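The values are calculated or read from the model by the stated rules, or taken from the named source; none is laboratory data. Just so you know, these numbers come straight off a predicted model, no measurement behind them. Using ideal geometry, Cβ is built from the backbone for each residue, glycine included, and neighbour counts are taken over all protein chains shown.
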Amino acid sequence: MTDLQRALTWSGPEALGTGFARGTLPGLEVCSRLLTPSKLLDVIMRRALSFPQLRLVDAGQDVHPGRYLKGLADRRGASVSVPDMRKLGRLLRSGCTLVLDTVDFFDPAMETACRALQWWSRELVQVNAYLTTQQAAGFDLHWDDHDVIIIQLAGCKSWEVRGLSRNAPMFRDAELNTEAPEQVVWSGTMQPGDVIHIPRGYWHAATRTDRDADDPENFSLHATFGFVKRTPVNWLAWLSDRSREREVFRVDLDRWGTTENEAAQDKNLIAEAARLLADHPPSEYLNARAREIDPGRQVSTFGIFGPPEAAVCLAPFPPEIIDHGDTIEVLSTGKRITLSPAALPAARALLSGNPVHLDHAGQALGVDVRRIAEVLIEEEICGEYTPELATGYTGMVPDAL
């Protein structure tokens with residue numbers, strides 16, 4: 001996160017979505033740490049995947065899934081869709097773009113990166129990987145309904161970015177948004193370690209059609225981190241559920257009353273709707289969303305293989321710690337947990353997002369960190385720091401202490 005902000009010359013998440021930005025990471029270590037072409041193909045090989053989560057694009061058009069996916073039946077006759085790696089490899093050799101959505105669902109390093117970006121931005125984040133080979137074209141000029149940060153991980157790719165043709169466009173919108181503006185905001189070639197930020201609605205396209213056929217690096221790999229920010233539309237959708245708490249919004253609308261009754265009904269409901277909006281402002285919606293979102297995925301062994309040696313907070317957003325003096329409260333994933341004031345240093349370490357080795361932390365802090373960790377793991381705010389999970393943190397996230 002430090003390198004990313006430095007590359008974009010940002011001081012925090014406030015700049016997300018405000019304008020195009022680009023820069024270069026201070027070092028390339030994070031690129032290979034996040035993903036390499038061979039690691040991406042290994043992830044694909046070991047998963048049951050189907051279209052459109054895994055897709056190939058040639059000349060801006062989707063390649064038919066039957067050309068790289070096959071049904072694999074077990075001895076009981078159940079069939080799953082898996083990649084045919086030999087066919088997929090031939091397509092890559094001929095030149096195309098491979099896209100794997102939600103890489104964070106499969107890879108600990110990408111999951112850790114997305115969680116870091118979520119804690120930073122307070123928005124949900126997912127990452128897609130794009131591997132383009134030879135001189136293939138990518139997607140045609142288009143816009144996304146979310147902000148993106150793109151990191152070039154390996155190879156080179158040429159980009160063109162244009163501005164808005166409709167302010168704040170949405171996936172479900174009142175008008176179509178099909179005409180790209182003429183003005184080019186930026187065009188150039190992204191090298192490994194380069195970063196760009198493209199706000200929602202900015203038109204863009206990426207290609208390798210301009211690359212030399214004799215280029216020894218005949219591929220490009222980049223990761224696109226997507227931030228789906230909340231809008232007043234989301235607030236109003238949330239309010240529609242809150243309205244169910246009030247009887248006036250649950251009763252049937254009177255369709256057959258007199259004109260006077262209809263006017264009274266309209267006046268009453270409009271007034272009640274205004275009170276509902278005033279009672280639950282957008283700030284309450286954002287806070288409630290951060291506190292009530294479901295826990296992240298985690299392995300739960302319940303001590304079958306012995307007590308955990310380490311723990312890490314896996315909540316989608318940073319837990320809120322409130323110090324009341326005589327007690328402290330932890331608010332996260334729809335839970336409210338009360339702890340003793342003596343637990344505060346341990347709670348801060350365990351909820352920092354950094355791994356905590358329990359015995360080491362207990363000695364350093366002078367409290368029973370293991371007991372506090374057990375509570376937070378039981379409530380799914382923290383998770384057991386398994387060796388497999390640790391592979392996503394090593395080299396990127398230091399120990400809490």
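Values computed for the structure shown
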{"read-out": "Selection from region 281-300 of residues that are within 15 Å of residue 376 (Cβ to Cβ) and among the polar types (S, T, N, Q)", "value": "298, 300"}
{"read-out": "Hey, residue 22 under 21 Å from residue 219 (Cα atoms), modelled with pLDDT of 95 or more and outside any helix (DSSP H, G or I) or not", "value": "no"}
{"read-out": "Filter result for residue 102 (surrounded by fewer than 21 Cβ atoms within 10 Å (Cβ to Cβ), of a type in the set (Val, Ile, Thr), closer than 19 Å to residue 34 by Cβ and modelled with pLDDT of 95 or more)", "value": "yes"}
{"read-out": "Sole exception among (1) at pLDDT 95 or above; (2) on the phi < 0 side of the Ramachandran plot; (3) out of contact with any helix residue (DSSP H, G or I) (no Cβ under 7 Å at 6 or more places or on another chain) for residue 80, by number", "value": "(1)"}
{"read-out": "Subset of region 355-389 [surrounded by fewer than 15 Cβ atoms within 10 Å (Cβ to Cβ), of a type outside the set (Lys, Arg) and under 21 Å from residue 302 (Cα atoms)]", "value": "359, 368, 378, 387, 388"}
{"read-out": "Where residue 80 falls short, out of the listed (1) in a helix (DSSP H, G or I); (2) more than 30 Å from residue 318 (Cα to Cα); (3) of a type in the set (Val, Ile, Thr)", "value": "(1)"}
{"read-out": "Test: residue in region 252-275 that is surrounded by 11 or more Cβ atoms within 10 Å (Cβ to Cβ) and under 25 Å from residue 317 (Cβ atoms)", "value": "no"}
{"read-out": "Any chance residue 124 is within 19 Å of residue 204 (Cα to Cα), among the aliphatic types (A, V, I, L, M) and in the same structural domain as residue 205 (by TED's automatic domain parsing)", "value": "no"}
{"read-out": "Those residues of region 31-48 which are in a loop (DSSP other than H, G, I, E, B) and either without any contact (Cβ under 8 Å) to a residue 40 or more places away in the chain or within 29 Å of residue 4 (Cα to Cα) (or both), in sequence order", "value": "35, 36, 46, 48"}
{"read-out": "Contacts under 6 angstrom Cβ, first residue in region 246-271 being assigned to a helix (DSSP H, G or I), partner at pLDDT 95 or above and surrounded by 10 or more Cβ atoms within 10 Å (Cβ to Cβ), 6 or more apart", "value": "248/272; 249/243"}
{"read-out": "Top-ranked residue of region 361-382 - restricted to ones that are out of contact with any helix residue (DSSP H, G or I) (no Cβ under 7 Å at 6 or more places or on another chain) and not in a helix (DSSP H, G or I), ranked as farthest from residue 319 (Cα to Cα)", "value": "366"}
{"read-out": "Top-ranked residue of region 303-354 - restricted to ones that are crowded, with 20+ Cβ neighbours inside 10 Å and assigned to a strand (DSSP E or B), ranked as nearest to the chain's Cα centre (by Cα)", "value": "313"}
{"read-out": "Count - residues of region 53-69 that are in a strand (DSSP E or B), touching a Lys or Arg at 6+ places or on another chain (Cβ under 9 Å) and surrounded by 13 or more Cβ atoms within 10 Å (Cβ to Cβ)", "value": "3"}
{"read-out": "When residues of region 1-35 are limited to those that are surrounded by fewer than 15 Cβ atoms within 10 Å (Cβ to Cβ) and of a type in the set (S, T, N, Q), the one farthest from residue 354 (Cα to Cα)", "value": "18"}
{"read-out": "Residues of region 93-129 classified as in contact with a Ser or Thr (Cβ under 9 Å, 6 or more places away or on another chain), hydrophobic (A, V, I, L, M, F, W, C) and outside any helix (DSSP H, G or I), total", "value": "4"}
{"read-out": "Region 276-302 - residue that is over 19 Å from the mean Cα position of the chain (by Cα) and part of a loop (DSSP other than H, G, I, E, B) and, of those, surrounded by the most Cβ atoms within 10 Å (Cβ to Cβ)", "value": "280"}
{"read-out": "Counted residues, region 184-207 - those being under 16 Å from residue 151 (Cα atoms) and surrounded by 18 or more Cβ atoms within 10 Å (Cβ to Cβ)", "value": "13"}
{"read-out": "Pair list, Cβ under 9 Å, 6 or more apart: region 90-105 residue farther than 8 Å from residue 133 by Cβ and aromatic (Phe, Trp, Tyr), other residue modelled with pLDDT under 95 and not in a strand (DSSP E or B)", "value": "105/297"}
{"read-out": "Single match in 48, 7 (criterion: assigned by TED's automatic domain parsing to the domain that holds residue 89 and under 26 Å from residue 123 (Cβ atoms))", "value": "7"}
{"read-out": "Condition broken by residue 90, with the remaining ones in (1) part of a helix (DSSP H, G or I); (2) at positive phi satisfied", "value": "(2)"}
